[in-house]
Structure formats: C-alpha cells, structure tokens
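First the structure, in the form of structure tokens, and then the observations on it.
The values are calculated or read from the model by the stated rules, or taken from the named source; none is laboratory data. As the structure is a prediction and not an experimental result, all values here were calculated from the model. As a convention, Cβ positions derive from the backbone with ideal geometry for all residues, glycine included, and neighbour counts pool all protein chains shown. All accessible areas refer to the heavy atoms of the entire protein, side chains included, with ligands and DNA or RNA removed. Shrake-Rupley method; radii C 1.70, N 1.55, O 1.52, S 1.80 Å.
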Amino acid sequence: MNASRRPPSPREALTDDTPTDSGEAPPLRVNRTRTGIHAKPTPSPETELDDPSLYFNRELSNLQFNIRVLEQALDPSHPLLNRLTFLLIFSSNLDEFFEIRVAGLKHQVMLGSEDTGADGMAPRRVLAEISRIAHEQVDRQYHILNDVLIPALEEQRIRYRRRAQWTEAQRGWVREYFDEEIMPVISPIGLDPSHPFPRLVNKSLNFIVELEGKDAFGREGGLAILPAPRSLPRVIRLPESLTEAGYTEYVFLSSMIHAHAQEVFPGMEVRGCYQFRLTRNADLSVDPEEVSDLASALRGELLARRYGDGVRLEVADNCPDELANFLLTQFELEPQDLYRVNGPVNLTRMMSVLGDIDRPDLLYRPFTPGLPKNLKADTSLFEVIRQGDVLLHHPFQSFTPIEDLLREAARDADVLAIKQTLYRTGADSPIVGALVEAARNGKEVTVVIELRARFDEADNLALASRLQEAGAIVIYGVMAYKTHAKMLHIVRREKGELRYYAHLGTGNYHAKTARLYTDYSLLTANETLCEDVHMVFQQLTGMGKPRRIERLLHAPFVLHERLVAMIDREAKVAEKGRKAHLIIKCNALTEPKLIRALYRASRAGVQCDLIIRGMCCLRPGVPGISENIRVRSIIGRFLEHTRVFHFHNDGKPETWASSADFMERNMFHRVETGFPILDKKLAQRVRKDLETYLVDNCQSWVLQEDGGYRQQQPGEAAPISAQETLLYAYAARA
C-alpha cells in the first residue's frame, strides 16, 4: 500500500470486484465475500431440489467463514488487541483448513477421485478456487497487519522492532541473546549427497540459506536448512532499559536468526537467508477394522501427523524464485501451493504476546458471568435441580455450577455412580479433578472419552490415564462413531430410592472455552430425560440393540430423521394457510437432506430463520424455492457455538438444544444428542435469545443468493449487538 494512500474506512463497503491497480494492495475491507457460485442460473420453482445450483461448496463456505473472522481485525468496535487476536485466529483457522480440508481434497485428486458433493464441484476445481481466494486473503491479512494494526499498536506504545529499526544497544542485546539462547540449540543442516533434505516438522519455522565458499572439510558452499529451535519463543520482549520510555517493544526470533545467520556458518559467506514454513496433512487415519487398541494406535498416529504429506508452502516474499521452486520440488507441491508473505510465516505464534501485554484498556472489558437466583452458594445443587430444570447460557452465565455439581457429587455419601462423556476437556481441568476425587471416594465412575477429538488427542490420552489411575472405568466410545454428545449422569440414593440427575449441553466440559464460546447447559432431574441419558450410556458402554428412548433424539439413530420430520411438520402447517415459523441456530449447515427439507418448508410458506456461524451450503433467496429462508452469521467477541432449534408447531412451540450441527458427520457418524427444553419459561427464554440474534445489526452477516455475505449496518436505527445485549441482560439477572 502506498504510504500516502488512506486505508479504506472499516465501514466502507468494498466488493470483491472493486478494481485495484497493478501492484497495489487488495482492498482491506470487504463487506461482500463470494462462497463459490459464479453466475449460476437462478433455478425455476420446478427445479428438482438436488440441482447442484442450489448448493454452495462446503470447503469454500468454510473458507469464507474464516474471511469473516479476518474482517473483525478491521472493525473499530473491537478493542485493538482483540482485533489483533482475530487476525491471528484467521491464521490458526487457515492452518487447520489446509491441514484437514485441503489435504483431503489433494488426497482425492491423488486417487483420481471425481466424487463431488451436492454442489457438483470436482475436487480439482475446488482446490483451484481455494487457491485463488486464499492467496488474496493471505495477502490482505499481511496488509492489515503491516499497514493497520502494527501502526495502531505503535500509537499505543506497543512496538515490533524490525532489524533496520534496532538501536545499537538493542543490537548488542540481540547478539548476546543469540549467543546464549539460540546458538547452543540451533542445528544447521548442509545439503549435499551425504546430507539429504531433512524431514521438517509440520508448521515449524525454518530458513533456507544460500552459502558461498568452502567449509572446514573443503566442501563447496551451496544450500543449507536452518530449523528454528522449537523450544524458543517466536516473539521476544526487549528489556525496558533498551526501549523508548513508556513503550513495550518486541523482536521476532526470525529477525534474530536473520541478523546472525553468518555466525552459524563461520568462514562461509551467507548470500541469502529466507524463512519458510511447510503445512502438512494432519488428519489422523485409524482403520476400525485393523485396530485392536485405539489408544496405542492413536499414539502412533500422533507421531506420524508431524510428517504428513505437504499441502502448503509459505515463504518470505523476498525469497528468490529458484529457491522457492527448489522447496516446492522437495515437498512435491505445485506453484499454486506457494504463499509469499510479507512478515513472519508463523503469525499464530504472536498469540503469546497477548498474555504478556498489560493493557486492559486495549482489551474487552472483563465481566463476571451471572447465575440464576436460585443457585445460591449455601444450597445443595441436588436440591435446586429437584425443584426444577436449570438452564445456563454460557459465557453470559457461569460454567461453575457444572463443576460444583460434580464436586458435590464426588463428596456426597449418597451418590453411588457418575457417568460422563468427555470430548475436549484437558487433563488438568476441575471436571477431571472432580471425577478423580469421586473415583477415589469409592463412587462408580464411568467416563466415555473420545480420543479422536481432532488436535486434542494427546490431551485426551493424558486425561484417560489420569482417570484410570484413580480407579475410574474409562471407555473409548464406539470405534466407528465419535462420541460427541455432552452428557453427565448421576445416581443418588434418596429416602431409600435411587434418583437420577443429568446435565446435557451444546458445548464441551471445558471451563476455559465456556468463557469464550456461547453454549447452553441444562441441569435436570426430569425422570424421563434422565432415564434416556442412562440408556444412551448403556449403549455406549455395553452392547445390544438400541433401546427405546422416550424424549432424547440421538444420533446416529433418530436425530436426523426427527429433525427432517419436524421441518416437514412445519411445512404441513403452512400448507393449511396457518402461521409457520422455525429458527435454527448451529455452527454449520451442510447435510443435503436437511437442506432439501428446508427448501420444501420455504416453498410451503414457512418463514425460516437460520443462524449459521460457519459453513452453509444452502442457497437462500431463490424465487419459488428459498425466498422464505434468511441466513445470518454472527461473528463477535464470543464464538457462537449453541445449537438450538425452535419450531412454532401450529401454536404448540417446541424448543430443542443439541450437541450436533446440521452436518453429515454429526447425523450419521457420531454419537449425538438433541434434548427438549421442557420448562415453558426456559423455552421462552431461549426463544427470546434467538430473537435477539435475529435483530443484531452490528455483528450479523447476511448470506445473499449469489453466495456473498453482507454485514448488517445500523444506519439510522439503534445499534444492536446480540452478544452485548445478552451479556448485559444475564448480568442484570444475576
């Protein structure tokens, strides 16, 4: 970007087709992002509902969600350090996108598979479109970092010092740091016939170095690989004595290595030193028919994950073409897999700085989650739950009641047994601590741990070991189906009889994410629901045919079928000329049969409001097909994670919450639960929460018929942020 050019205002609505001069930075702010449809014809009302033109590609939709996350880095309604956080989350999300989704597509191409989804796009075409969009957005990300956020941080006396900006005193300190901290652990690798190109760890920071001259053995200079020590931080804070008064200053490890690369190769001339990073296929592959011990198999796969096939190469933008091409050849990648970046190749590692900077004025205001009035500190949670269901909306309301319930159960002499599912938790969490205490206190503790929770496998293996050592029974679920349901079941003896208590949730048993993700928690002693939870646990831990479950909807057995039936039921009401309305809030909508059910409902006249945070393959606004469907995505301070479904049902409303998204994997390849909100007041409260999201005009992005997302603007109306509204409302109720 030219220094004299004013960056576009974050509220300026630039579109994808905004022209840019050759060599000029792409527009920083876009309020319209394509999702993979290119001038497809509008289907007629007679079109079959499996017509590919009615579906967006799921991978491109996933990529577009990440772009909406990047947009937050330009939104001045977020504090400055949180804007930087959004930019870094974009990097982290993009890493996973390449590690899993792009890797999967490349594998399809390698096998010669032309299988397509409902959208009909072949894998090669999807990869080409991903490459086009990802290159544009990565360039844009670095422009936002370099031209917007870093200057804004410097205005707030937070500075990232480039090598050219180091003072003499700072150069001396960097030299000392390099000699004492980096040089002892760095391992250069010269490339020659006896030193082949090394296997580099997934996403590790490395340098390719051009050398001239002869080494101690008389070998002619050529190329060397310099892996950055993984034990060292990627961003280092300069001592206050070396910084400008009032400033907090940092230097990058990559800059330190660049500055002193010559010292790593004494007697040689370093002609060039360029950072690069390889992203590898990180998906785990465990064949259920060939595995006798899942835990052992996963331990082996975790090691292999670090060295999967390459899928993306990032290099410094000044890296010569011949070196970039050399690296592409080594990793068996194509030119479209190369990403040149103007800055550190591993931006995600900048996250460490956020916890180091003591500037609360540049972060979201802290808050204390609320609690329902009936949850008093001196009252037994069993007593409260017996009196009626308790519904918590995290993070606006506290997650601690779930932890407190487990702690109380662990210490209560009348509690006989505890059963729980764990998906993403962490071995050192209070939840696991309470389960360990319960097992040591002689309770019958059974824990169904899903070892295959992606990127949490190592943590889950650790917590499984901890629970087993305490005497808990640990089950790894059903081999062919991930256990994604969030359930807790407690058996307690009361007045000589056994009574059940249960917790059902839309999110994981993780205290940290409960402050960052929106989720619902239901605490209940309802006999039917608790018996259903008991039955699901029996299915998970034992063997036998599915038992009759009264109120819960569980996958992979009935959840999908019943959701389709409830949508179709709403359509039948509309066909009779009566009011019909549904609201569905989840993280992703990709499953074709559910999408077709929504199309049928729209055709019948059902007003369909969909709040889909991420991937959405449904095409709204098509005349005669989906003109009654509205899709919005909420992106804000908290990650929207609740899965809630509300049906008007001809004046007899039903409200459900679930652990499942509207995706094939959730409906057919996972153990999931959908649970009704039976208390009318609680159901009404959930409906009001949903209506708050539907009137958001600050953080809401509306999906257009052509695949673009447009951010809602308040205009002359009062600005409404759903998350801020709920945060205030639940705090006021506390």
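Over region 306-409, what percent of the accessible surface lies on carbon and sulfur atoms, probe 1.4 Å?
47 percent
Extension gain Arg271-Lys495, at 0.36 nm per residue separation less the Cα-Cα distance, in nm?
72.4 nm
Which residue, chosen from Pro366, Val341, Ser352, occupies the Cα position most advanced towards the positive end of the dipole of region 304-380, where the dipole is computed from +1 (Lys, Arg) and -1 (Asp, Glu) charges on Cβ about the Cα centre?
Pro366
If you average the alpha carbon positions of region 48-122 and of region 404-441, how far apart do those two centres end up, in angstrom?
Result: 37 Å between the Cα centres.
If the limit is 20 Å between Cα atoms, which of Lys376/Lys680; Lys652/Lys681; Lys419/Lys443; Lys652/Lys680; Lys419/Lys482 go over it? Walk me through the intermediate numbers first.
Numbers: Lys376/Lys680 23 Å; Lys652/Lys681 14 Å; Lys419/Lys443 10 Å; Lys652/Lys680 11 Å; Lys419/Lys482 17 Å.
Too far apart for the 20 Å limit: Lys376/Lys680.
Just want to confirm a number: the relative contact order over region 563-653, from Cα pairs under 8 angstrom separated by 6+ residues, in percent.
Value for region 563-653: 35 percent.
What angle do you read, to the nearest 10 degrees and between 0 and 90, between the alpha-carbon axis of helix 168-177 and the longest principal axis of the chain?
It is inclined by approximately 70 degrees.
Over the chain, with the other protein chains present, what is the accessible area per residue in square angstrom, probe 1.4 angstrom?
It amounts to 42 Å² per residue over the chain.
Are there trypsin sites (Lys or Arg not before Pro) in region 392-430 that DSSP puts in a loop and that have at most 11 other Cβ atoms within 10 Å, and which ones?
none
If you line up the long axis of helix 527-541 against the longest principal axis of the chain, both from Cα atoms, how many degrees apart are they, to the nearest 10?
For 527-541 against the chain, the angle is about 50 degrees.
Whole number please: convex hull volume per residue of the Cα set in region 596-734, in Å³?
Values: hull volume 19.8 nm³, N = 139.
Hull volume normalised by residue count: 142 Å³.
Give, in whole angstrom and from largest to smallest, the semi-axes √(5λ) of the equivalent ellipsoid of the chain, with λ running over the eigenvalues of the Cα gyration tensor.
Output for the chain: semi-axes of 45, 32, 27 Å.
Can you run phi through the Karplus equation (6.51, -1.76, 1.60; θ = phi - 60°) for region 309-317 and list ³J(HN,Hα) in whole Hz, with x for Gly and Pro?
Listing the rounded values in order: 4, x, 10, 8, 10, 9, 9, 4, 5 Hz.
Suppose we keep just the alpha-carbon trace of region 508-610; what are its Rg and Dmax in angstrom?
Spelled out, the Cα radius of gyration and Dmax of region 508-610 are 17.1, 48 Å.
Starting from the Cα-Cα distance between Glu180 and Lys688, subtract it from 0.36 nm times their residue separation and give me the gain in nm to one decimal.
Values: separation 508, 0.36 × 508 = 182.88 nm, distance 5.96 nm.
Gain in length upon complete extension: 176.9 nm.
Hey, quick one: spin label on His669, modelled 7 Å out along Cα-Cβ, who in region 82-110 has an amide N within reach, i.e. under 15 Å?
Answer for this model: 100-108.
When DSSP beta bridges are limited to those with both residues in the chain, what percentage is antiparallel, rounded to the nearest 5?
Roughly 70 percent of the DSSP beta bridges within the chain come out antiparallel.
Determine the percent antiparallel among the DSSP beta bridges restricted to region 139-275, to the nearest 5.
Restricted to region 139-275, the bridges split so that about 85 percent are antiparallel.
Roughly how tilted is helix 592-604, in degrees to the nearest 10 and between 0 and 90, from the longest Cα axis of the chain?
Around 60 degrees separate the two axes.
Distance in nm between label sites at Asp309 and Arg562, each 7 Å beyond Cα in the beta-carbon direction?
With each label placed 7 Å out from Cα toward Cβ, I get 4.1 nm.
Using 7 Å Cα-to-Cβ label points, what is the Asp50/Ala717 separation (nm, one decimal)?
3.9 nm
So for region 114-257, taking the charge dipole from beta-carbon charges (+1 Lys/Arg, -1 Asp/Glu), which of Ile144, Thr243, Phe178 sits furthest toward the positive end?
The residue sitting farthest along the positive end of the dipole is Phe178.
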